[in-house]
Amino acid sequence: MSENPAESKALAVNVVILVDDDAFERWHCVLRHLVVGLLDQAVVLRWLSPDPRVASLALGPVEAKIHRPLRWPFRRRDRIDLIHHFERQAPTIIHAMSGTSYKLAGDIAAAVDADLVLAASSLRDCDVLSSVNPARVEKFIVASETLSEVLAQHLKITPDKITLIRPGVQVGQGVTSFDDPDRTTTLLCTSPFERHGGVEHLIEAIDALCARGHKIMAFLMGRGREESTLRRMVRDRGLLGRVAFSLSMDDPISAMHGADVFVDTSNEPAFREHSLQAMASGLVVVSNANASVDHLRDGETAHICPRATPQSLIDTIDKVLVDPAAAHRMALAAQQYAREHHAVSTMAQSLAATYRKLAVARATFSLAE
């Protein structure tokens, strides 16, 4: 950034970003990149969250306030305490990352007379937005073109209030997918061990693919309430030598090095950074259709399962395994797509520019007599 220190100080914008546990789960690496990118953008940034893991995003001058989850019987009192906390520190902008935080963000913004910014990265967020008064919101930030269309066409949000800022990820230097013909083909899945996670479909698919003669090794790196059921399923099908449960990692990038195929079995229509990060790391991606994102382009950046069923997953992965050269080419194209459309610098600069425009619009300038 070329601004001198005096200009940077004058343009500095005080922002509080609300991140609930679901948003952190889906955005962790992107948020980490964002905080680093905003450090050079004259943005005074604070995080607000009930999730203690958000404290890891407090780098340098960036602060994190972790609060108690707003639940009965202390919900009203805790909400008032949070509002009083920010009344004393006067943020310019309150930015909520997901629908769960919209109400709290709106209450704080109204109390401290700050601009309200709401981000949408899932169809569930859009459902919550349908009950929000657009007049109270200065900007709606969306993660994809598809969500922009939902806001404009279905929620009737005017285009001037919608800003598309694509999530940014670090892009690897090379493609790892099928780059070593002597390596056992490795599948990686970070989908949650929940009913909407669809991991049981992948276990069934691995069983069928091994029966077809494919030599594969799968690493499951999720977490959730269905873990014991999934482990029993692997054991009952005799797949202990083919399926490994790895400790869940907040940052899966290191696990992606050396893997060939990333499989996203989740049925939830929401942005989850791992499929995008897999593209950037040089893996070929297999995913269910996801109406909330536009980086998963069937036949261009990923293989999309026509239906969220075990058989559809079997056939789609089989298509990848029988033609590793084509899979390598797709991984290369997907990595280039991530480089062109999901750069960290572009994300940080675009968000900082949005903040500054709002701050300038609120500013009062005294005219010389």
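Worth a mention:
- Among the residues making up the range 156-188, those that are without any contact (Cβ under 8 Å) to a residue 40 or more places away in the chain and either surrounded by 16 or more Cβ atoms within 10 Å (Cβ to Cβ) or part of a helix (DSSP H, G or I) (or both) are Ile157, Pro159, Asp160, Lys161, Ile162.
- Test: residue in the range 265-274 that is out of contact with any Ser or Thr (no Cβ under 7 Å at 6 or more places or on another chain) and within 21 Å of Arg32 (Cβ to Cβ): yes
- Taken as a whole, the condition of being among the aliphatic types (A, V, I, L, M), more than 22 Å from Asp22 (Cβ to Cβ) and crowded, with 21+ Cβ neighbours inside 10 Å applies to Ile206.
- Residue within the range 3-14 that is at pLDDT below 95, assigned to a loop (DSSP other than H, G, I, E, B) and in contact with a helix residue (DSSP H, G or I) (Cβ under 8 Å, 6 or more places away or on another chain) present: yes
- Checking Ser228 against (1) modelled with pLDDT of 95 or more; (2) surrounded by 14 or more Cβ atoms within 10 Å (Cβ to Cβ); (3) not in a loop (DSSP other than H, G, I, E, B), the condition it does not meet: (2)
- Boolean, Leu45 is assigned by TED's automatic domain parsing to the domain that holds Tyr355, assigned to a strand (DSSP E or B) and within 30 Å of Ser345 (Cβ to Cβ): yes
Every residue, every condition in (1) in a loop (DSSP other than H, G, I, E, B); (2) within 13 Å of the chain's Cα centre (by Cα), yes or no:
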| residue | (1), (2) |
| --- | --- |
| Gly241 | yes, no |
| Ala255 | no, no |
| Ala259 | yes, no |
| Val263 | no, no |
| His274 | no, yes |
| Ala280 | no, no |
| Val286 | no, no |
| Ser292 | yes, yes |
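- Number of the condition not met by Ser177 [criteria: (1) modelled with pLDDT of 95 or more; (2) in contact with a strand residue (DSSP E or B) (Cβ under 7 Å, 6 or more places away or on another chain)]: (1)
- Qualifying residue in the range 189-212 (condition: farther than 30 Å from Asp115 by Cβ, in contact (Cβ under 8 Å) with a residue 24 or more places away in the chain and in a strand (DSSP E or B)): yes
- For the range 38-69, a residue qualifies if it is touching a Lys or Arg at 6+ places or on another chain (Cβ under 6 Å) and farther than 17 Å from Trp27 by Cβ, and exactly one does: Glu63.
Every residue, every condition in (1) buried (at least 23 other Cβ atoms within 10 Å of the Cβ); (2) touching a residue at least 24 places away in the same chain (Cβ under 8 Å), yes or no:
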{"residue": "Ala255", "(1), (2)": "no, yes"}
{"residue": "Gly258", "(1), (2)": "no, yes"}
{"residue": "Phe262", "(1), (2)": "yes, yes"}
{"residue": "Val285", "(1), (2)": "yes, yes"}
{"residue": "Asn288", "(1), (2)": "yes, yes"}
{"residue": "His295", "(1), (2)": "yes, yes"}
{"residue": "Ser312", "(1), (2)": "no, no"}
{"residue": "Asp318", "(1), (2)": "no, yes"}
{"residue": "Leu321", "(1), (2)": "no, yes"}
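- Hits in the range 82-102 - residues which are within 26 Å of the chain's Cα centre (by Cα) and β-branched (Val, Ile, Thr): Thr92, Ile93, Ile94, Thr100
- Residues of the range 224-280 that turn out to be touching a Lys or Arg at 6+ places or on another chain (Cβ under 7 Å) and among the basic types (Lys, Arg), as a count: 1
- The listed residues are Arg356, Arg339, and the only one of them that is farther than 27 Å from Val175 by Cβ, of a type in the set (D, E, K, R) and in a helix (DSSP H, G or I) turns out to be Arg356.
- As a summary of the residue check, Arg79 satisfies the conditions (1) surrounded by 15 or more Cβ atoms within 10 Å (Cβ to Cβ); (2) within 21 Å of the chain's Cα centre (by Cα) except for the one numbered (2).
The values are calculated or read from the model by the stated rules, or taken from the named source; none is laboratory data. Keep in mind it's a predicted model, so treat the numbers as computed, not measured. So basically every Cβ, Gly included, is an ideal-geometry build from the backbone, and we count neighbours across all protein chains shown.
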